[in-house]
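A.B. asks: Structure in structure tokens, see below.
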Amino acid sequence: MEAKRIQRFLTLLTAVFLGMVATMVFQTHRAEAKEPDLVIYAYDSFVSEWGPGPIVIPKFEKLYNVKVSMISGGDAGQVLNRAILEKNRPRADIILGIDNNLLAKAIRAGILVPYRSKNLSRVPEELIFDKTYHLTPFDHGFFAIVYDSEKLKDPPKNFEELTSPKYRNMLILEDPRTSSPGFGFLLWTIAVYGENFTDYWKRLRPNILTITEGWDTAYGLFTSGEAPMVLSYTTSPAYHVQYENTTRYRAIIFEEGNYLQIEGMGILKGAKHIELAKKFLDFILTEDFQKEIPLTNWMFPVIRGIELPASFKYAPKPDKILSLDSKDIENNQRRWISEWLRIVSE
């Protein structure tokens, strides 16, 4: 009888132990499967291993003891389109990369809720591109035609020279329907030529080698030698100086001026984590975030007092800065893109 009691005790003890192990495993799996505390939609280059995401996100996670998930979806234009499609059941809390040119589209789609960051006073007034505060600026830059100086010895100095027959099939652009730089370039031509932009695109078309969906693909084709010119940013040459120690790639400051881009972040309507999203928008206007922008996102910071790296002396700023009124963009965007599509499809 004593032996049976001992055996029953050992059996019970084993069962209790296995139950404790099972509970621990279950809790571990629950922890591993725990939903993130904040979800951000971002464009590919922001999320990439060389982008700002892997540096700035851990800082925020440590600051608030939270878990942040970033979901990339191509270029900023593609990310915005995804958020619009999901507007009734958003998967993310924040969308990143909507610029001054996509602002009207985002506002019209009704996907954002306004928030005025407590740190917005650190941003110069001219960079606060959304006075309704649906979007908070986090960086800015200038579009430029970037060229390979080893392959092109006489780059164009203005828009008209860019249409010269000697540059036939030498230019890579991005699609304004899916790419924020692509849309920015279209607006740049409109800022210079007004309603005559269609005539300009007809003259430019023979010199376009290809039009890609996003900036990453376009710049990859350019650096692989497919064409000696690409639409990018005035800051692109600084990247090659910083990491490749070469001044081979250079940005053209056009005589007509270069077009300004200001990128922002906004809180999506229906977001699950509104208060944490507000904290993140405050965070992007601090030194901890802004000091990482130049050497990761290859743009200029938006708050005052951030020291630029030495390589940024190869990132020229235009004397003449071009832009269009957001209301004009809102009222004409569909027509402008429709007319552009008709020309490049002919």
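The values are calculated or read from the model by the stated rules, or taken from the named source; none is laboratory data. Small disclaimer: the values here were computed from a predicted structure and weren't measured. So basically every Cβ, Gly included, is an ideal-geometry build from the backbone, and we count neighbours across all protein chains shown. To get the accessible areas, we keep the full protein, side chains included, count just its heavy atoms, and leave off ligands, DNA and RNA. Shrake-Rupley method; radii C 1.70, N 1.55, O 1.52, S 1.80 Å.
A.B. asks: Taking the Cα centre of the chain as origin and charging only Cβ (+1 Lys, Arg; -1 Asp, Glu), how large is the dipole, in debye to the nearest 20?
C.D. replies: Working: 42 positive and 43 negative charges, 246 e Å.
Roughly 1180 debye, rounded to the nearest 20.
A.B. asks: Could I ask something else about it? Quick check: residue separation of residue 158 and residue 287 times 0.36 nm, minus the Cα distance between them. What number comes out in nm? Please list the in-between numbers first.
C.D. replies: Numbers: separation 129, 0.36 × 129 = 46.44 nm, distance 3.66 nm.
Result: 42.8 nm gained on full extension.
A.B. asks: Can I ask one more? About the Cα centre, and with charges only on the beta carbon of Lys, Arg (+1) and Asp, Glu (-1), how big is the dipole of the stretch 75-145? Nearest 20 debye, please.
C.D. replies: On the way: 10 positive and 8 negative charges, 74 e Å.
Here the size comes out at about 360 debye.
A.B. asks: Which distance in nm do the two modelled labels at residue 193 and residue 205 give, with both placed 7 Å along the Cα-to-Cβ direction?
C.D. replies: Between residue 193 and residue 205, the simple spin-label model gives 1.1 nm.
A.B. asks: Excluding residues fewer than 8 places away in the same chain, name every one of the aspartates and glutamates whose C-alpha is closer than 18 Å to that of residue 202.
C.D. replies: Qualifying aspartates and glutamates at Cα under 18 Å: 160, 161, 174, 175, 339, 346.
A.B. asks: Related question: How would 95, 84 rank on accessible area, largest to smallest, probe 1.4 Å? Can you show the working numbers first?
C.D. replies: On the way: 95 0, 84 45 Å².
The residues order as 84, 95, largest area first.
A.B. asks: Counting alpha carbon pairs within less than 8 Å and at least 6 residues apart, what relative contact order, in whole percent, applies to the chain?
C.D. replies: 25 percent
A.B. asks: What do you reckon, how do 121, 48 stack up by accessible area (1.4 Å probe), largest on top?
C.D. replies: On the way: 121 85, 48 20 Å².
Listed by decreasing accessible area, they come as 121, 48.
A.B. asks: Return the loop-located chymotrypsin sites (Phe, Trp or Tyr not before Pro) in the stretch 104-140 (DSSP other than H, G, I, E, B) with at most 10 other Cβ atoms within 10 Å of their own Cβ; answer none if there are none. It would help to have the intermediate numbers written out before the result.
C.D. replies: Numbers: sites: 115, 129, 133, 138; in loops: 115, 129, 133.
Passing sites in the stretch 104-140 do not exist.
A.B. asks: Further question: Over what distance in Å are the Cα centres of the stretch 140-201 and the stretch 290-345 separated?
C.D. replies: Each part's Cα centre sits 14 Å from the other's.
A.B. asks: Shifting gears a bit: Report, to the nearest 10°, how far helix 2-32 tilts away from the longest principal axis of the Cα atoms in the chain, using its own Cα long axis and a range of 0 to 90°.
C.D. replies: With rounding to tens, the tilt is 10 degrees.
A.B. asks: For the ranges 62-69, 144-151, what's the packing order if you count other beta-carbon atoms within 10 Å of each residue, average per peptide, and put the highest first?
C.D. replies: Numbers: 62-69: 13.4, 144-151: 19.5.
Top of the packing list down: 144-151, 62-69.
A.B. asks: Let me ask you something else. State the antiparallel share, in %, of DSSP beta bridges confined to the chain, rounding to the nearest 5. List each step's numbers first, then the result.
C.D. replies: Values: 23 of 38 bridges.
Restricted to the chain, the bridges split so that about 60 percent are antiparallel.
A.B. asks: Protein chains only, probe 1.4 Å: how do 117, 345 rank by accessible area, largest first?
C.D. replies: Numbers: 117 0, 345 80 Å².
The most accessible residue leads, giving 345, 117.
A.B. asks: Helix 53-64 sits at what angle to the longest principal axis of the chain, using alpha carbons and giving 0 to 90 degrees rounded to 10?
C.D. replies: The angle comes out at about 50 degrees.
A.B. asks: Taking amide H positions as placed in the peptide plane 1.01 Å from N, state which residues far from residue 233 in sequence (5 or more) or on other chains have amide H under 5 Å from it.
C.D. replies: Long-range HN contacts for residue 233: 144.
A.B. asks: Students often forget the sequence filter, so: which lysines lie under 27 Å Cα-Cα from residue 269 once same-chain residues fewer than 8 apart are removed?
C.D. replies: Straight-line reach from residue 269, under 27 Å: 34, 59, 62, 67, 87, 105, 118, 131, 278, 279, 327.
A.B. asks: Now, a different point. Compute the accessible area per residue over the stretch 42-93, keeping the other protein chains in place, probe 1.4 Å, unit Å².
C.D. replies: With the other protein chains kept in place, the stretch 42-93 gives 52 Å² per residue.
A.B. asks: Tell me, what is the 1.4 Å probe accessible area of residue 247, in Å² to the nearest 10?
C.D. replies: Approximately 60 Å² for this residue.
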